[in-house]
Structure formats: C-alpha cells, structure tokens
Amino acid sequence: MNRQDCVNQKWSSRTIGIIILPLAIALGALGFLILPVVGLFFAIPLFILSFAFITAPESNICRLILNKQR
C-alpha cells in the first residue's frame, strides 16, 4: 500500500458518506410526513451510517505511511 492508495481510501469513504447523507435526509423528511415513526425508524440508521463513513478514522497502516512521508 502506498500514499496514493491511502488518500484514495480516505476520499472514497468520505464520498460514500456524503452520498448517503442526502438519502437519509430525504427518507427522514418523507418518512416524517407519511408515517413518522416508521420513517424515522429507517432514517436514523442511515444518518448513523453516513456520519460513520464521513468520520471514519484512517487505518493504522495508512496513518504510518502518511506520517512517515511528511
């Protein structure tokens, strides 16, 4: 694994989180209007998933590679 692979891994996880976030917002808004309890029941896990992808920590290998090459 090299530096570029680590950067790509970081960006891809952030991108997936940013893609899931509007889906969670839309599902939450529609669910709240149609069936509030059921809609929020499905939207809350998507919010958690999107924030998990956005704030995902780097792997230990990438952390070592990126710190070594600075």
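Given a Förster radius of 25 Å and the C-beta distance between E58 and A26 as r, what FRET efficiency does 1/(1 + (r/R0)^6) yield to the nearest 0.05? The computed FRET efficiency comes out at 0.25. For the pair Q9 and F41, a Förster radius of 30 Å applied to the C-beta separation gives a FRET efficiency near 0.40, rounded to the nearest 0.05. About its Cα centre, the dipole of the chain is roughly 380 debye, where the only charges are +1 on Lys and Arg Cβ and -1 on Asp and Glu Cβ. Based on Cα atoms of the chain, Rg over Rh with Rh as the Kirkwood radius reads 1.22. Descending by average beta-carbon neighbour count within 10 Å, the peptides 12-19, 54-61 line up as 12-19, 54-61, the highest first.
Note: relative contact order over the chain, using C-alpha pairs below 8 Å and six or more positions apart, is 41 percent.
Quick note: the coordinates plus some simple rules give every number you see, no bench work behind them. Every value quoted in this text rests on a predicted model; they were computed, and no experiment measured them. Please note: Cβ atoms are built from the backbone with ideal geometry, for glycine as well, and neighbour counts cover all protein chains shown.
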